[in-house]
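To start, the structure itself, in structure tokens.
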Amino acid sequence: MPKIVIDKKEYEFKDGETILEVAWRNNIFIPVFCYHPKMPYVAACRICNVEVRISNSTRIMPACATLCQENMEIITNSNVIKNDIQKGVLELLLLNHPLDCPTCDAGGECDLQELTLRFGSDRSRYEFPKREFERKNFSPFLDLYPNRCIECDRCSRFFHLIGGGTEWGTYNRGWYEVFGVWKKEIIENEFSGNMWEICPLGAINDGSYKFKARPWEIESIESIAPDDSIGSNIYVDIRKKYPKSRGPFEIGGRRTNLFKVYRITSRDNPKVNDYWLSDRERYSYSWINANNRIAYPTIKENGTYRSVNWEYILDAIYSDIKDVNSEEVALITSARSSNESAYLSKILFKEILFTENVGFSEIGEDAIEEVFGYSISNATISDIDDAKNIIIFGDIKNSFPILGIRLIRSSRNGANIFVYNYYKERYILENWAKGIIFHPYEIEKVAYELSLKVKNNEFRGKTVLILPDNLPYRVLRNLLIASIYHDNAKVLILRTKPNKQGFIDVGFKDKSIYEIIEKANLGKIKVLFLWHTDLLLEYPNRSEIESALSKIPIVIYISPFADYSIKYAKYILPETTIFEEDGSRTNTEGRVQIHKQALLNYEDSMPSWWIFKGLIKRFGISLKIDSIEDIRKLMKKEIYYYSEVDFDKRPRYRNYPPFIPSIRKLIKYYEYDLAKYPMRYKNLKLIEPEAKEVKPLVILSPHIYKSSYYASRCEIFYSYIKPYIRTIEANSKTIASLSIDEKFKLEDEEFSIVVNENVVDNVLIYRPLFFDSKINLYLNKYGSREI
Amino acid sequence: MNLEKVQELREELENLKKIYKKGNSIIIPALWRVQEIYGYLSDEGLEILANELNTTKEKLLQVATFYHFFHTKPTGKYHIYICTNVSCMLNFAYEVVDELRNILKVNENEVTPDGMFSWEEIECIGLCDQPVAGFINMKRITNLNKDNIKDIIENPQNYAPEKTKIELI
């Protein structure tokens with residue numbers, strides 16, 4: 001390997017590496033402002049200048065932008081560099097920088113402050129008035145101070161290259177150079193929150209963290225973003241737990257500060273979120289102190305509520321459920337709890353109560369297991385990076401926003417991206433992807449045509465299909481079969497519930513919640529566990545669900561929040577949330593990730609594994625579980641998928657099932673001997689679609705903030721949500737074709753109709769709000785209805 | 001939408017595309033054409049440009065605001081620059097500027113009510129041997145003083161045409 005000399009020591013380098021990369025890898029400190037490891041360099045700030053000597057000539061070059069060559073000699077700590085370059089650059093950068101560090105939120109974690117202290121001069125020779133800009137706020141997420149800017153260009157590089165946005169930029173030149181938005185009121189990019197994190201000083205600050213705390217008072221706890229099943233890695237920043245001798249922080253601090261999240265910052269995991277976070281993941285944490293958190297275990301007796309202790313309520317539940325038939329017990333959950341809780345609940349429901357009525361989502365039939373033989377995607381998230389063709393069903397921006405960063409990147413690298421949806425979403429409108437929009441009744445036909453294309457290898461090169469798991473059964477099945485026949489196709493299944501993969505891994509099988517509700521309506525269910533979900537908020541068929549819930553005598557409601565279905569509950573058990581408990585989660589690609597307890601339990605709430613442990617114990621089975629580690633040991637012993645997961649170290653993939661190669665390779669392997677050919681593949685044939693007449697249809701479609709279980713509880717998103725306005729979007733042709741009766745029907749339900757030409761003909765899109773107490777739609781099974 | 005101007009801009013762009021074939025090299029000449037046709041970088045012109053060149057309006061504006069000779073606000077039919085750098089300043093450039101302000105009764109970068117004039121101070125334009133120097137519609141005017149600036153404003157057509165085409169290399 002070629003070598004360079006840095007400060008009289010030899011180091012190896014690879015072709016194309018810069019001086020800075022080699023130096024940092026070998027722990028040689030070179031200061032930077034504009035360089036960011038995840039973005040291309042610009043060499044704007046010049047603080048990283050070093051002396052470079054090649055064949056007896058010495059020059060001063062920026063380390064971040066100079067490629068290594070053989071026989072290069074580099075000096076990072078000579079007198080010239082220290083006294084002239086670094087001091088001089090800092091003096092220049094500080095010319096216009098205001099001296100407001102005591103009131104700046106970045107104070108204490110500011111690169112400019114630190115490097116000035118280390119290399120800078122203690123006084124400035126500049127005597128004239130400083131430049132001043134008008135201050136504007138473009139976003140509730142950001143707090144902007146353009147006077148402090150040193151023109152490093154990190155924010156606009158991020159915004160253009162990684163966020164894929166256009167409106168943000170640096171305008172003007174030299175003295176008057178300033179970042180901002182041109183003639184616009186608000187930034188609409190869903191990654192804008194990253195800009196404060198990469199800003200090397202306090203020019204862009206976190207809007208939600210404004211004047212809350214100082215960096216040295218804060219402790220960062222590793223955790224996982226709870227909103228979607230990608231599981232972006234985050235740090236939860238909380239107030240440091242000082243020892244008792246540090247009196248003033250303890251007084252009054254104990255009850256308030258240890259229950260409060262100060263902010264969320266990103267944790268680098270190149271395989272998952274790749275350092276970045278979406279705004280939904282970054283700013284949704286104030287739900288932790290929502291008004292409707294449940295404080296104490298409560299029993300409803302004769303119409304009145306009574307708070308009781310845990311032992312009493314678990315005894316009471318046990319005496320109610322011990323004699324019930326296994327067919328009459330049901331569990332509905334949205335899979336938002338940890339793997340450990342899932343495992344203990346599996347013991348309770350599958351091995352003690354023997355129930356099969358377990359539902360996670362609207363569509364329960366599992367096409368994945370039928371085709372693959374196991375229920376997990378065979379692509380990873382990082383497979384998107386080097387794919388030639390990416391085929392997406394559904395809306396990425398609104399459901400899995402963080403994947404957008406990878407899509408933009410691979411689109412830049414020349415991948416062909418195809419998005420199949422009912423309306424043109426961001427990635428189609430901004431030309432990152434080709435859009436195929438269709439009416440929902442044509443979904444089977446469109447998917448069948450696509451499956452034929454995939455099966456016949458019309459997509460050349462590595463192909464990744466990104467499919468949400470709530471696609472209709474036939475659609476999903478056809479696409480999965482087609483992917484097996486393709487030479488080089490992989491499928492990334494996106495779980496629509498955050499920890500659904502974990503729940504399936506421990507041994508649950510998803511059944512449609514509507515089957516359970518039908519049974520309940522016939523009076524066949526006596527005991528229903530509602531676990532971390534609210535049926536009335538999450539599913540559209542409100543009247544049917546309400547009548548079903550009122551027919552069940554014993555509803556056990558386990559949740560952190562008191563939502564609408566709580567009024568049907570007999571037993572109310574407060575559960576801790578992800579930030580208040582230790583645990584692990586499995587994300588959509590099968591990666592087991594750990595989250596640690598950051599806050600104290602809210603009042604009397606307990607982790608759900610503790611609740612299920614108590615119930616199991618009352619059935620006379622002692623599991624010898626004292627802590628979360630004991631459950632992990634049990635899981636490693638009992639469940640194949642977790643047998644090699646090391647929970648103490650950095651999270652990793654769970655075991656994969658034996659890999660199924662593509663069918664063409666199989667045929668080669670068996671030398672065309674179909675007798676040896678695995679039986680299962682013989683029956684896998686594409687199902688032809690049924691033709692359906694196209695009619696006007698109301699579709700429930702996700703919204704990035706509105707339809708998230710957690711984010712919709714946070715006030716910071718309300719400038720984007722507009723909570724009290726209910727709108728239906730449709731194109732002008734559809735609106736014109738509606739009869740007066742139909743329009744009247746919509747207006748009767750307090751909708752206002754908005755023209756949006758990006759929606760396909762004959763479709764009306766309604767984006768439901770979680771806290772819409774008046775919602776009274778009679779939507780059918782798949783979240784749609786004819787009008 | 002001014003259809004004539006749009007048509008003209010499209011034709012100009014077609015010609016430019018034959019000359020500037022690589023990457024972003026077409027942006028600055030194209031911005032010049034917009035400014036000639038509209039008098040300044042209008043939203044309409046920039047949107048057409050962004051569509052034709054497959055970029056965004058904001059990106060074009062970031063380029064445009066870097067340079068002094070591009071205007072993002074409307075200008076008069078005749079736009080006057082006065083150099084106020086060292087050698088012009090020593091020859092009483094600020095007297096010329098004050099005189100302009102008195103006659104036109106508008107501040108820097110504002111347009112007179114009849115839409116005829118606007119003016120602006122600039123940095124050195126390399127005519128230090130004939131101070132005070134300046135431009136009117138990108139045609140140079142030199143040896144300015146309090147008196148001959150009046151003549152320029154009375155008969156601007158003697159000094160420059162209403163539209164000056166920038167010759168590009």
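A short reminder: the numbers here are calculations on the coordinates, not readings from a lab. Computed from a prediction, not measured in an experiment: that's the story for all the values here. Virtual Cβ from ideal backbone geometry, glycine too; neighbours counted across all protein chains shown.
Note on the range A:486-616: Kirkwood radius taken over Cα pairs, Stokes-Einstein applied at 4 °C and 1.567 mPa s, translational D equal to 77 µm² s⁻¹. If you take the charge dipole of chain A about its Cα centre, with +1 on Lys and Arg Cβ and -1 on Asp and Glu Cβ, which of A:I321, A:L403, A:I187 is farthest toward its positive end? The one lying farthest along the dipole's positive direction is A:L403. Arranged from fewest to most other beta-carbon atoms within 10 Å of their beta carbon, A:L700, A:L93 become A:L700, A:L93. The order of A:V80, A:V358, going from fewest to most other C-beta atoms within 10 Å of their C-beta, is A:V80, A:V358. The value given for the range B:78-158 is a Kirkwood hydrodynamic radius of 12.3 Å, derived from the mean inverse Cα-Cα separation. Potential lengthening of the chain between A:K38 and A:R131 amounts to 30.4 nm, from the contour at 0.36 nm per residue minus the alpha-carbon distance. Dividing the summed helix terms, -39500 (n - 2.57) for each DSSP H run of n ≥ 4, by the number of residues in the protein assembly as shown produces a 222 nm estimate of -7500 deg cm²/dmol to the nearest 500. Assuming charge only on the beta carbon of Lys and Arg (+1) and of Asp and Glu (-1), the dipole of the protein assembly as shown about its Cα centre is about 2200 debye to the nearest 20. The convex hull built on the alpha-carbon positions of the range A:108-219 has an orientation-averaged projected area of 8.6 nm².
Looking at the P(r) of chain B, how many percent of alpha-carbon pairs lie beyond 23 Å? Tail of the P(r) past 23 Å holds 43 percent of the pairs.
With coordinates expressed along the principal axes, the C-alpha atoms belonging to the range B:3-64 extend over 28, 24, 17 Å, beginning with the largest. Under 5 Å between amide hydrogens, built in the peptide plane, is the criterion, and for A:V763 it picks out A:L697, A:N731 among residues at least 5 positions away or on other chains. Using a Gaussian network model of chain B with C-alpha springs under 10 Å, which one of B:E36, B:E154, B:E110 is most mobile by mean-square fluctuation? Between B:E36, B:E154, B:E110, it is B:E154 that shows the largest mean-square fluctuation. How far, in degrees from 0 to 90, does helix A:542-551 lean away from the longest principal axis of the Cα atoms of chain A, to the nearest 10? Here the helix axis deviates by roughly 60 degrees.
Diffusion coefficient (Stokes-Einstein, Kirkwood radius over C-alpha pairs, 10 °C, 1.306 mPa s) for the range A:3-95: 119 µm²/s, rounded to a whole number.
Loop-located trypsin sites (Lys or Arg not before Pro) in the range A:1-81 (DSSP state other than H, G, I, E, B) with a sparse environment of at most 16 neighbouring Cβ atoms within 10 Å: A:K8, A:K14, A:K38. Toward the positive end of the charge dipole of the protein assembly as shown, with +1 on the Cβ of Lys and Arg and -1 on the Cβ of Asp and Glu, the farthest Cα among A:P140, A:A330, A:Y557 is that of A:A330.
Working from label points 7 Å from Cα in the Cα-to-Cβ sense, the A:S124 to A:N27 distance is 3.6 nm. Longest stretch of chain A clear of exposed loop sites (GluC sites (Glu not before Pro), DSSP loop, at most 10 other Cβ atoms within 10 Å, sites excluded): A:186-670.
Gyration tensor over the Cα atoms of the range A:367-496: the corresponding equivalent ellipsoid has semi-axes (square roots of 5 times the eigenvalues, largest first) of 20, 17, 15 Å. For A:E629 and B:E47, what is the calculated FRET efficiency with R₀ set at 41 Å and r taken between the beta-carbons, to the nearest 0.05? Once the sixth-power term is evaluated, E becomes 0.10. Projecting the Cα atoms of B:T112, B:V63, B:I37 onto the charge dipole of chain B (Cβ charges, centred on the Cα centre) puts B:V63 farthest toward the positive pole. For trypsin sites (Lys or Arg not before Pro), the sites in the range A:319-353 that DSSP calls loop and that have at most 16 other Cβ atoms within 10 Å are A:K322.
Simple spin-label estimate for A:K212 and A:N456 gives 5.6 nm between the two label positions (7 Å along the Cα-to-Cβ direction from each Cα). If the segment from A:N758 to A:L161 were pulled out straight at 0.36 nm per residue, it would be longer than the present Cα-Cα gap by 212.4 nm. Computed from label points 7 Å out along Cα-Cβ, the spacing between A:E301 and A:N172 is 7.2 nm. Against chain A, whose longest principal axis is taken from its Cα atoms, helix A:628-638 shows a tilt of about 60°. Averaged across orientations, what area in nm² does the convex hull of the alpha carbons in the protein assembly as shown project? That works out to 50.8 nm².
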